[in-house]
Structures are given as C-alpha cells and as structure tokens.
Amino acid sequence: MPRIVHLALKVDDIDKTSEFYQKVFGFKHTGTRRAGPLKDHISCWLSDGDIGFTLIKYDSEDAPEASIVGPGPCIHHFGIAVEPEKLDEY
C-alpha cells in the first residue's frame, strides 16, 4: 500500500518549529546541518520512527530551491513509498 514516508516543510524559524514537533508530537531529532547543492539552507531532520520529517530554512528567499516552492512557511516536498511493480503499470 503506498504511503507517505517523508515530508519536508520550508519554515521561518527552524529551532522553534523543531521544538514544537518534538514536544507536541514526540518526533526525535536525528540531525541538523547546512545542506543542498549550494549549501544555501539549514536542514533539520526529525523522525517518529516511520516518517522522515525535514525542516528547511533558506539563507535567502532568492535561493534557487527556495523560489521554486514560493514563500514560506509551506510544504517543500513529500515522498511516497510504493511497490516498484506498481510503477511499471504507468
């Protein structure tokens, strides 16, 4: 059964947002670092054991990836796990 296994949010305050998801929903912090091909943002990774959850804070709204998704906060991207043979049907 296909299911969402990853969700990334573009946020304004990575520390405050991370603290909220940890305290309210019990997510565990698994890492934080500067990321992306241009190293133009901070990514903070959280998990509840089933879903990978990434918070992204760009240095500037003019960063190429930041401008693709538009002004934040917003959903940046998500990932769905599917059986490989299901993809062959399309």
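Of note:
- Residue in region 62-73 that is open to solvent by 50 Å² or more (accessible area, probe 1.4 Å) and at pLDDT 85 or above present: yes
- Residue in region 71-84 that is on the phi > 0 side of the Ramachandran plot and assigned to a loop (DSSP other than H, G, I, E, B) present: no
- Long-range neighbours under 6 Å by Cβ, at least six apart or interchain, first residue more than 17 Å from ASP12 (Cβ to Cβ) and among the hydroxyl-bearing types (Ser, Thr, Tyr) within region 39-53, second open to solvent by 50 Å² or more (accessible area, probe 1.4 Å) and part of a strand (DSSP E or B): SER47/LYS28; SER47/THR30
- Search result, residues across region 42-57 that are part of a strand (DSSP E or B) and either open to solvent by 20 Å² or more (accessible area, probe 1.4 Å) or at pLDDT below 90 (or both): ILE42, TRP45, SER47, GLY52, LYS57
- Which numbered condition ALA81 misses (of (1) over 13 Å from the mean Cα position of the chain (by Cα); (2) free of Cβ contacts under 8 Å to residues at least 24 places away in the same chain): (2)
- Among residues of region 1-20 being of a type outside the set (A, V, I, L, M) and assigned to a helix (DSSP H, G or I), the one that is least open to solvent (accessible area, probe 1.4 Å) is SER18.
- Hey, LEU7 within 24 Å of ILE80 (Cα to Cα), modelled with pLDDT of 95 or more and in contact with a helix residue (DSSP H, G or I) (Cβ under 6 Å, 6 or more places away or on another chain) or not: no
- Filtered residues of region 21-41 (kept if open to solvent by less than 100 Å² (accessible area, probe 1.4 Å) and either among the small types (Gly, Ala, Ser) or closer than 18 Å to ILE51 by Cα (or both)): TYR21, GLN22, VAL24, GLY26, PHE27, HIS29, THR30, GLY31, THR32, ALA35, GLY36
The values are calculated or read from the model by the stated rules, or taken from the named source; none is laboratory data. This one's a predicted model, so the numbers in the text were calculated from it and none came from an experiment. Please note: Cβ atoms are built from the backbone with ideal geometry, for glycine as well, and neighbour counts cover all protein chains shown. Protein only, heavy atoms only, side chains kept; ligands, DNA and RNA dropped before computing areas. Shrake-Rupley method; radii C 1.70, N 1.55, O 1.52, S 1.80 Å.
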